[in-house]
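These notes concern the structure reproduced below.
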Amino acid sequence: MTASTDAASTNPITGTNILQVVNAHPNVSAALRDEFGAQVLPPAGDERVAFLAAHGGDIRVAVCSGRGGVDTELMRALPNLEAVINFCAGYDATDVAQAAERRIVVSNTPDVLNDCVADTTLALYLDTLRRISSSERYVRAGKWESQGNYPLTARATGRTVGIVGLGRIGRAIAGRLEGFKCTIEYHNRRQLTDVDYTYRASLKELAKSVEVLIVAATGGPETNGLVSAEILEALGERGYLINISRGTVVDEQALVAALRDGTIAGAGLDVFEDEPHVPEELLALDNVVLLPHVGSATVETRADMASLVLENLRSYLTTGTLVTPIS
Ligand code: 8YV
């Protein structure tokens, strides 16, 4: 139990103490408006500054998402904040270091999106190696008639695939790849005891050893630029990179150069450093598949994420504890 258990009973939280940071999902926004009477953070600018000056001190619970978290500046403007409830698995948009210092509890939405993110990863994997989108564009451009058959592509079955960050989502990806007779290797901060995949103690060692590198590591200061030019060099000219975690985990300019210069064969990307902005150079390349951060973007999964957000909020308001606190 956290110190706020007593707060929940002796000093109940009302709508004025709850802040909607972003409109993460219609079910969440509707409940915050109709059931809780929460406050809504105005968009950045003078209106937000005035709002925080007037109401920042009232806020005890903030509801946010992976695209609009409680960052350092916002958290500082909420001196009585007790809990941050995230509509996302990856909470790198929230200043969790400051939260820990201030004993602010933080939740996310783990597990409910593993399958959809892993499905998106397999779609990117198949599309990138078999060049599905590119060959589809080839047909639409009339090139099948004018230029003949599309060039042969790379077989997807039976590859040696490395996973950077074998967590909940990484394991769901590995399970699917086993169905494609792939050999799985991985790199994590620590070797796991409950999987029999080959562990590589360094990311470079993993990149050297595999044909496809899948990035499923959490975003944040610790993993910024983890997949560097050196790692892409180690992956090699017949290697492929898939990123479904955060754009910041990969050095994007190094990736652009590696794809342009043939240092690696191709890539499949669902995330970018500065979303929704995608570098012009990437848009011009044919050996990269570009998706608009749709990993978990299904009606079913987003509804499950919304339910888990509201479960965390109701639990915090009644017991002072969260259902899925970040681990
Ligand atoms: C979210 C995600 O859609 O959960 C995550 O970490 O990246 C996505 O599922 C996105 O963050 C919006 O909240």
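Listed values, structure above:
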quantity: Cα shape, the chain, gyration tensor, a/c 1.5 rule; calculated: prolate
quantity: Per residue, in Å², the accessible surface of the stretch 125-225 once ligands and nucleic acids are set aside, probe 1.4 Å; calculated: 57 Å²
quantity: Per-pair calculated FRET efficiency, R0 = 35 Å: R176 and S202 via Cβ, rounded to 0.05; calculated: 0.85
quantity: Local net charge near T198, Cβ-Cβ under 11 Å (Lys/Arg +1, Asp/Glu -1); calculated: -2
quantity: Extended-chain gain in nm, criterion 0.36 nm per residue less alpha-carbon gap, R137 and D261; calculated: 42.4 nm
quantity: Amide hydrogen neighbours beyond the local backbone of L241, cut-off 5 Å, H modeled; calculated: L213, G266, A267, G268
quantity: Euclidean distance of C-alpha centroids, the stretch 84-130 and the stretch 164-235, integer Å; calculated: 17 Å
quantity: Local electrostatic count at I104 - Lys and Arg +1, Asp and Glu -1, tallied over other residues with Cβ under 11 Å; calculated: 0
quantity: Accessible area per residue in Å² at 1.4 Å probe, computed on the stretch 40-110; calculated: 43 Å²
quantity: Rounded FRET efficiency, nearest 0.05, which uses the C-beta distance separating A44 from D286 and R0 of 45 Å; calculated: 0.75
quantity: Viscosity 1.567 mPa s, 4 °C: Kirkwood-radius Stokes-Einstein D of the stretch 118-241 over Cα pairs, µm²/s; calculated: 83 µm²/s
quantity: Global form of the stretch 199-281, assessed from the alpha-carbon gyration tensor, a/c cut-off 1.5; calculated: oblate
quantity: FRET efficiency, T319 to A97 (Cβ-Cβ, R0 30 Å, nearest 0.05); calculated: 0.70
quantity: Among beta bridges that DSSP assigns inside the chain, antiparallel share in %, nearest 5; calculated: 5 percent
quantity: Mean Cβ count within 10 Å, highest first, over the residues of peptides 258-270, 151-163; calculated: 258-270, 151-163
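The values are calculated or read from the model by the stated rules, or taken from the named source; none is laboratory data. Bear in mind the structure is a predicted one, so any value in this text is a computation, not a measurement. Neighbour counts are summed over all protein chains in view; Cβ atoms, including those assigned to glycine, are modelled from backbone coordinates with ideal geometry. Heads up: the accessible areas ignore ligands, DNA and RNA and are worked out on the full protein's heavy atoms, side chains in. Shrake-Rupley method; radii C 1.70, N 1.55, O 1.52, S 1.80 Å.
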